[in-house]
Structures are given as structure tokens and as C-alpha cells.
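The values are calculated or read from the model by the stated rules, or taken from the named source; none is laboratory data. Everything numeric here is computed off the predicted structure, so don't read it as measured data. All Cβ positions, even for glycine, are placed from backbone atoms using ideal geometry, and neighbour counts span all protein chains on display. Areas reflect the complete protein model, heavy atoms only, side chains present, ligands, DNA and RNA absent. Shrake-Rupley method; radii C 1.70, N 1.55, O 1.52, S 1.80 Å.
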Amino acid sequence: MQSETSIHLALAVEAVRAGMAAIQALDGDLSIESKPDRSPVTKADRAAEAAIVAILSRASNLPIVAEEAVSEGRIPEPASRFFLVDPLDGTRGYISGRADYTVNVALVEGGVPIVGAVGVPQVGDIYGGSLEEGAFLERAGRRRLLHPRKARERLTVVASRDHMSKETEAYVASLAVGGWQGVGSSLKFCLLAEGRADLYPRFGRTMMWDTAAADAVLRAAGGIALGFDGRPLSYVMGDGRPDPLANPDFIAMGDPSLARRPGVLPEGISVSEVPG
């Protein structure tokens, strides 16, 4: 008999697959508009979100916090258990014709992303995982388990291609780095989970839907994303903050022991919650 977590993971994968199909069916029809915050939104963002929400709402009565709905003012009442949806993360990359945009569905419980699925429509890959079952990459109909690699002396860093900041550049320059790559979207977390990179620093605003699904995959694989309070990223609705769906700055890592390496986390941060 399937556990509830297994059922929700299968549902998240199904929803991501539907979102990917909706994007692919548009065959590059962009129809670009600007949202109130001046960020771009395309026909693909909206089509993918509609397809995802249809799958989730048909199978579950849990609240759904979805990026495009929120941008239009449709925000569910705070709940301890809910879905987070980013139908197309990396819209700027999608518009530019790059392949690293993603489709994202997460299930959050008590502030923790316990289930996540991340699709890469351009290549058809789906990353998925849960804290109960571990993480996997589904490629060409076959799944393999994911495990981050042990951190090397010289780190491979992935960072935002479209939101690179001087603070991030200075941080990367302070580390022993063997190489770094600009990557769009939540795919950066998945590269950590897959063992293809070691570290993803993010200085600057992201939203919960940007990170939750891929964060769930990373955690399921054994990695971690820490805010500058030394704690794993938390996904709590309605906690009284002025921007309640925004994330703090964070450092994501495949090997949690990296948090204890000098210079990886800002000075003075306690990492007592980090395993190893």
C-alpha cells in the first residue's frame, strides 16, 4: 500500500508533467506581458499554471499557492500544509531561448518542503523527491537515485545567470573555487542534488515558489539550503513578515558538512542544526 507521501510525490510529478506538456504545446508562442512588479510573464507561464492547478485540485483539497495567481491577488488563507507552484521558473531564460527553465511543484508541511518535483521541459527531465523516499532523476522514462557528492577542496559553484550581484561575485571570489557556472531557475538546486556542483549562494530576493520544489529534491538527496540564521529555509505562510512569501538570502549545498568550512557561511552563524 502506498504511503500518503508516495501518493503526493506521484501527484506532484503528474502535475509537473502536465505543466511541461502545456508549455511544449505552445511551440514557442511567448505573448509576453509585464506583471505589476515589472517582471515578465508569458502565455506559457499561465498555461502551465492552469494545467498544474487542474491536476492538483482534482486530486486534493489542499490550498495551492501559485505564482501567477498570487500576482493577481489570489492568495489562499495561511495553512500549515499546502502546495507551492512555480509554473515556469526562469521566464527570462525561456524568453531568450535558453534550456534551463523549470516547472515546479512542492508540498509543504509545517514549513518544510516534504515533496518536490522539478521538470525541465526543454529536455524532458524530471527531478523528484521526498524526505521519506529520497531523490531521483527521471530521464527517458527511467529513474535513478540522486546523491550529492562529497565537497571537494576546490568547489564548483552555481549561481543565478539573470540575477548575479556584486555581493555574490565577492562571495564566490572569497572561496577556493575550481569552477562556477551561471544557471537560470531552480535547476541550480537539482545540480547540487545530482552531484554536479557543490554550492549555490543566493544574495537577493527569491520567492518561496522559486525554491520549494527543488529544495525538497535537494533535502531528499541529502543536501541542505541554509538561511543566514543558520537554519534550513522555512516555508511558512502568514508569519507576520511584510513580504511573507519571500525567502531570506541563503547558501545551498550538496554536502551539508560544507556549512562548517570556514568562509562558506557568514561569520557568527550557528550551524548546530546541520548534520555531520
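From G141, G97, which residue is closer than 18 Å to A25 by Cα and open to solvent by 10 Å² or more (accessible area, probe 1.4 Å)?
Working: G141 fails: closer than 18 Å to A25 by Cα.
The unique qualifying residue is G97.
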Selection within the stretch 32-71 - of a type outside the set (K, R), open to solvent by 60 Å² or more (accessible area, probe 1.4 Å) and part of a loop (DSSP other than H, G, I, E, B): I32, P36, D37, N61
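So which strands (runs of 3 or more DSSP E) stay within the stretch 88-186 end to end and still have 2 or more residues that are more than 16 Å from A252 (Cβ to Cβ)?
Working: elements: 102-109, 112-120, 125-130, 134-139, 142-145, 155-160, 177-183.
It comes to 102-109, 112-120, 125-130, 134-139, 142-145, 177-183.
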So V217, is it part of a helix (DSSP H, G or I) and more than 27 Å from A66 (Cβ to Cβ): no
Within the stretch 212-245, tally of residues that are within 14 Å of S186 (Cα to Cα) and in contact (Cβ under 8 Å) with a residue 60 or more places away in the chain: 8
Boolean, L84 is closer than 16 Å to A212 by Cβ, open to solvent by less than 10 Å² (accessible area, probe 1.4 Å), out of contact with any strand residue (DSSP E or B) (no Cβ under 6 Å at 6 or more places or on another chain) and not in a helix (DSSP H, G or I): no
Residue check, G184 among the small types (G, A, S), in contact (Cβ under 8 Å) with a residue 40 or more places away in the chain and in contact with a Phe, Trp or Tyr (Cβ under 7 Å, 6 or more places away or on another chain): yes
Failed item, numbered, when L107 is tested on (1) open to solvent by less than 30 Å² (accessible area, probe 1.4 Å); (2) closer than 30 Å to A50 by Cα; (3) of a type outside the set (F, W, Y); (4) without any contact (Cβ under 8 Å) to a residue 40 or more places away in the chain: (4)
Filter result for T5 (closer than 21 Å to F136 by Cβ and either at pLDDT below 95 or hydroxyl-bearing (S, T, Y) (or both)): yes
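The rows are residues; the columns are (1) of a type in the set (S, T, N, Q); (2) over 28 Å from G263 (Cα atoms).
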position	(1), (2)
Y127	no, yes
R143	no, yes
V157	no, no
S185	yes, no
F189	no, no
G195	no, no
Sole residue being buried (at least 19 other Cβ atoms within 10 Å of the Cβ), hydroxyl-bearing (S, T, Y) and within 27 Å of S3 (Cβ to Cβ), chosen from S160, S130: S130
